Amino acid sequence: MHRRTALGGALTALATAAAGVLVAAAVSTAPAAAAAGGTGTGYLHTSGNKIVDSTGATVRLTGINWFGMETDNKTFHGLWSSNPWRSQLDTMARLGYNTLRIPYSNDALKSGATATGINDFVNPDLIGLSPLQILDKVIDYAGSKGMRVILDRHRPTSAGQSPLWYTSTVSEATWINDWKMLAQRYAGNTTVIGADLHNEPHAEGTNPAATGACWGCGDTARDWRLAAERAGNAILGVQPNWLIFVEGVSCPSGGLSNVWDNDPSNDEDCGWWGGNLSKAGQFPVRLNVANRLVYSPHEYATSVYRQDWFDDPSYPANMPAIWDKYWGYLYKQNIAPIMMGEFGTTLQDPKDKIWLQNLMAYTGTGVNGMSFTYWSWNPNSGDTGGIANDDWTTINQPKQDILTPYLIPPTGGGGTTSPSPTGTPNTSPAPTTPPPPVTGSCTATYKQINSWAGGFQGELTVKNTGTAAVNPWSATWTWPSGVTLASGWNATVTQSGTTVTAAAPAWASSLAPGASVTVGFTANGTAATPGSVKLNGTAC
C-alpha cells in the first residue's frame, strides 16, 4: 500500500484496516530439485504456479533491483561511485542473484534523454551513451553472467510514482507504445524475459468518489486488471515469448479506506501499494498467449510503514495468513506463479529481522519456491537501504545472510576483485607460489571496447584448449612502454613494468578444459593490443 519514492521523497502514508478471518497455511516445502544454479535455457513460461524454461525445467528467479533509470539521472545509481558498473554486476551474480529487475521511467526512453551521475574515470565506456544504450550494455553483461533481466515501468516521469498507469502528461497509448518498443528492441535476446507493467498501482481519493487503481471494478479508466490485459496483450503481440508481470493494487476499490473518510460502510481491507492481489482469483488477468502470466506483489517491513499486523500480539505467527490472503493463495492454489518484485528493510527494528526471516521461509526453499527480486542493490533507498553499503562495493552482511539460503546463483556468475565473499574489499596479492604449468595449449582473443583521449578499455578472453584443468590459472601479457593499467575485473589484475598479470580470484580459481575467462580492464595511454599472452607460462 504505502511506499517511498526511490530517492526517499515524501511518503503518502496510507493506513490500513485489516478485516476478515485469515486462514493460515505455510507454503509447501516439499523436496525441491537440487539448486544447481542458473536460470534455465531459452525463454521462460509458466506451468501452474511454476516458472519453467524452454526444456520444461523449473526455474526460480532469485534477483535484486538496481534502480536509478526511473529518476532524474535516467540511468543506474552508483555509477558515480569508485566501483565500475561491471564489478557491481559481478558482485550481484557472485552473491547468488540470478535476476536483475530494472526500474525505468518513460522519460528515460525519450529521444534525446541524457544519462547523468556517471563517474567517467571509472566507467569510461559509458561516456556519451544514452540511457537506452547504457541499458543495452548492462543487459548484455548481465546475460554473459547467466543472469536474467525484468524491465519495470516504475514511473511515467522521473518526478514520482502514480496511482494509475497513465497521467495527464503520459497517456495509456504512450505507456503501451513504449513497452512495444522495448519488446521489439530486445526481441530474440533471451536475457530479457519480461515486463513488469506498472509499479505499485494504488488507491487515491476517498470512497465512493475513488480516483485510484481498482481491481475488478469494471471502470476502464481505473481498473488495473483490465489495463494489465490491454498492455500485456499488446506486448505479447510483438513479443509472445515474454512473461507478463502484474502487480496488485492497494485497495481493490481504488479508494482510501474508512480511516480516511470516516465512513464505515466503505470499509475494506487494504494492503501495500502493489501488494494486494486478493481479487485476482475472482478477476484474473486474461492474456491472449497462454502460460505467460506471473503475479508480482510487493511486501515491506516497519522501516517503510508500521502496518497494524506488526503490532498484533501473535506476531509473527499472524503473517502467513496475511500473505495467504493478499497473494500467497494464487501460488498455493496452483493458479499462477508468484514473483515478489520488491521487499526490503533497513533491519533497524528487531521486528524487521523476524519479518524477513519469516517471509523468506514462507516463499519455500529450492527451485520450487516462489521467485523474488529484493529491493534493493542500492544503498540510497531511503527507507530500506540496500545490499550494497554506501561505498557501493562492500556488502550489508546481516541482510545477505538471511537471503543467501534462498538464492540460486546464475551459471557462470563469477566475481571481481571488488568485494570478497565476506563483503570486505579483496586486496589479496597474486599467489606467491608459481601456478602449475599448462598441460596443453590455449588461445587468446582481444576485443577493444572503447577508447578516449589518454586511455582505452578492452577485454582479453583466454581459453584453455588443453585436456586438464588449470588450477589456479594465471594469464599474462605485455603492453608497449607507456601503457599503464587503470582498473581490472574478473581477476586480480596487476602490472609490473610492461607485463600485466591477471590472477584467478579465489572463487573462480579453476579453468576447466574448453573453458574460457574474459578479463576486462581500462588502461592509460595509446590503445594497444595485448602481446605475448600466456596461460600459466604457456604461450597462446
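The values are calculated or read from the model by the stated rules, or taken from the named source; none is laboratory data. Everything numeric here is computed off the predicted structure, so don't read it as measured data. Here Cβ is always computed from backbone atoms with ideal geometry, including for glycine, and neighbour counts include all displayed protein chains. Remember, those area values only see protein heavy atoms, side chains included, never the ligands or the DNA or RNA. Shrake-Rupley method; radii C 1.70, N 1.55, O 1.52, S 1.80 Å.
Whenever a residue of segment 39-50 is under 16 Å from Thr191 (Cβ atoms), its partners that are open to solvent by 30 Å² or more (accessible area, probe 1.4 Å) and of a type in the set (A, V, I, L, M), lying with C-beta atoms within less than 7 angstrom and at least six residues away or across chains, give the pairs Gly40/Ala57.
Starting from segment 113-135, take each residue that is in contact (Cβ under 8 Å) with a residue 60 or more places away in the chain and closer than 18 Å to Gln448 by Cβ and list its partners that are open to solvent by 60 Å² or more (accessible area, probe 1.4 Å) and not in a helix (DSSP H, G or I), counting only C-beta distances under 7 angstrom and pairs at least six apart or across chains. Final answer for the pair search is Pro124/Trp452; Ile127/Asp120; Ile127/Trp452.
For segment 149-159: of the residues being aliphatic (A, V, I, L, M) and open to solvent by less than 10 Å² (accessible area, probe 1.4 Å), which is farthest from the chain's Cα centre (by Cα)?
Taking segment 149-159 and keeping what is aliphatic (A, V, I, L, M), we get 149-151, 159.
Okay, now just the ones that are also open to solvent by less than 10 Å² (accessible area, probe 1.4 Å), so 149-151.
On the way: Val149: 7, Ile150: 7, Leu151: 9 Å.
Here the answer is Leu151.
Looking across segment 150-186, the residues that are small (Gly, Ala, Ser) and touching a residue at least 60 places away in the same chain (Cβ under 8 Å) come down to Ser158, Gly160.
Can you find even one residue in segment 96-107 that is in contact (Cβ under 8 Å) with a residue 40 or more places away in the chain, within 15 Å of the chain's Cα centre (by Cα) and surrounded by fewer than 23 Cβ atoms within 10 Å (Cβ to Cβ)? First the steps, then the outcome.
Applying the first criterion (in contact (Cβ under 8 Å) with a residue 40 or more places away in the chain) to segment 96-107 yields 96-107.
Okay, now just the ones that are also within 15 Å of the chain's Cα centre (by Cα), so 96-104.
Cutting the leftovers down to surrounded by fewer than 23 Cβ atoms within 10 Å (Cβ to Cβ) gives us 96.
Checking segment 96-107: at least one residue is in contact (Cβ under 8 Å) with a residue 40 or more places away in the chain, within 15 Å of the chain's Cα centre (by Cα) and surrounded by fewer than 23 Cβ atoms within 10 Å (Cβ to Cβ).
Within segment 370-392, the set of residues being modelled with pLDDT of 95 or more, open to solvent by 10 Å² or more (accessible area, probe 1.4 Å) and small (Gly, Ala, Ser) comprises Gly385 only.
Looking for whichever is closer than 30 Å to Pro84 by Cβ, touching a helix residue (DSSP H, G or I) at 6+ places or on another chain (Cβ under 8 Å), modelled with pLDDT of 95 or more and among the polar types (S, T, N, Q) here; the options are Thr174, Thr157. Which one fits? Lay out the reasoning, then the answer.
Numbers: Thr174 fails: closer than 30 Å to Pro84 by Cβ.
Selected residue: Thr157, the only one of Thr174, Thr157 that is closer than 30 Å to Pro84 by Cβ, touching a helix residue (DSSP H, G or I) at 6+ places or on another chain (Cβ under 8 Å), modelled with pLDDT of 95 or more and among the polar types (S, T, N, Q).
When you look at Thr220, is it polar (S, T, N, Q), open to solvent by 10 Å² or more (accessible area, probe 1.4 Å), without any contact (Cβ under 8 Å) to a residue 24 or more places away in the chain and at negative phi, yes or no? So Thr220 passes the test.
Residues that are surrounded by fewer than 20 Cβ atoms within 10 Å (Cβ to Cβ) and either part of a helix (DSSP H, G or I) or within 17 Å of the chain's Cα centre (by Cα) (or both) within segment 343-355 comprise Pro350, Lys351, Lys353, Ile354, listed in sequence order. The listed residues are Met92, Met69, and the only one of them that is over 18 Å from Phe372 (Cα atoms) and surrounded by 19 or more Cβ atoms within 10 Å (Cβ to Cβ) turns out to be Met69. Checking each residue in segment 160-182 for being within 22 Å of Ile139 (Cβ to Cβ) and either more than 23 Å from the chain's Cα centre (by Cα) or among the charged types (D, E, K, R) (or both) picks out Asn177, Asp178, Lys180.
To keep it simple, each residue is scored yes or no on (1) within 24 Å of Met92 (Cβ to Cβ); (2) open to solvent by 20 Å² or more (accessible area, probe 1.4 Å); (3) out of contact with any Cys (no Cβ under 7 Å at 6 or more places or on another chain).
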position: Asn119; (1), (2), (3): yes, yes, yes
position: Lys137; (1), (2), (3): yes, yes, yes
position: Met147; (1), (2), (3): yes, no, yes
position: Gln161; (1), (2), (3): no, yes, yes
position: Glu172; (1), (2), (3): no, yes, yes
position: Trp175; (1), (2), (3): no, no, yes
position: Trp179; (1), (2), (3): no, no, yes
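Could you run through segment 444-483 and say how many residues are open to solvent by 60 Å² or more (accessible area, probe 1.4 Å) and assigned to a strand (DSSP E or B)? Qualifying residue count, segment 444-483: 6.
Checking Asn65, Asn73, Asn49 one by one, the residue that is at pLDDT 95 or above and within 21 Å of Tyr331 (Cα to Cα) is Asn49 and no other.
Filter segment 507-540 for residues that are over 20 Å from Thr465 (Cα atoms) and open to solvent by 30 Å² or more (accessible area, probe 1.4 Å); which is modelled with the lowest pLDDT? Full working, then the answer.
Going through segment 507-540, the residues over 20 Å from Thr465 (Cα atoms) turn out to be 507, 520-529.
With open to solvent by 30 Å² or more (accessible area, probe 1.4 Å) added as a condition, the list becomes 507, 524, 526-527, 529.
Details: Trp507: 63, Asn524: 87, Thr526: 89, Ala527: 89, Thr529: 92.
Per the criteria, the residue is Trp507.
Quick one: count up the residues across segment 479-498 that are in contact with a Pro (Cβ under 7 Å, 6 or more places away or on another chain) and over 15 Å from Gly525 (Cβ atoms). Total satisfying the criteria: 3. Taken over segment 486-540, the residue count meeting the criterion of being within 20 Å of Trp452 (Cβ to Cβ) and of a type in the set (Ser, Thr, Tyr) is 4. Being over 28 Å from His45 (Cβ atoms) and touching a residue at least 12 places away in the same chain (Cβ under 8 Å), is that true of even one residue in segment 329-341? No, every residue in segment 329-341 fails to be over 28 Å from His45 (Cβ atoms) and touching a residue at least 12 places away in the same chain (Cβ under 8 Å). Examine segment 499-506 for a residue that is at pLDDT below 85 and either open to solvent by 50 Å² or more (accessible area, probe 1.4 Å) or closer than 18 Å to Tyr141 by Cβ (or both), and state whether such a residue exists. Yes, segment 499-506 has at least one match.
Each row is one residue, and each column tells you yes or no for (1) over 30 Å from Gly146 (Cα atoms); (2) under 19 Å from the mean Cα position of the chain (by Cα); (3) outside any strand (DSSP E or B); (4) touching a residue at least 12 places away in the same chain (Cβ under 8 Å).
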position: Gly188; (1), (2), (3), (4): no, no, yes, no
position: Glu200; (1), (2), (3), (4): no, yes, yes, yes
position: Ala209; (1), (2), (3), (4): yes, no, yes, yes
position: Arg225; (1), (2), (3), (4): yes, no, yes, yes
position: Ala231; (1), (2), (3), (4): no, no, yes, yes
position: Ala234; (1), (2), (3), (4): no, no, yes, yes
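Go through segment 250-342 and tell me which helices (runs of 4 or more DSSP H), entirely inside it, have 2 or more residues that are at pLDDT below 95, open to solvent by 20 Å² or more (accessible area, probe 1.4 Å) and closer than 26 Å to Ser162 by Cβ.
Numbers: elements: 258-261, 319-323, 329-332.
Of the helices (runs of 4 or more DSSP H) lying wholly inside segment 250-342, those with at least 2 residues that are at pLDDT below 95, open to solvent by 20 Å² or more (accessible area, probe 1.4 Å) and closer than 26 Å to Ser162 by Cβ span 258-261.
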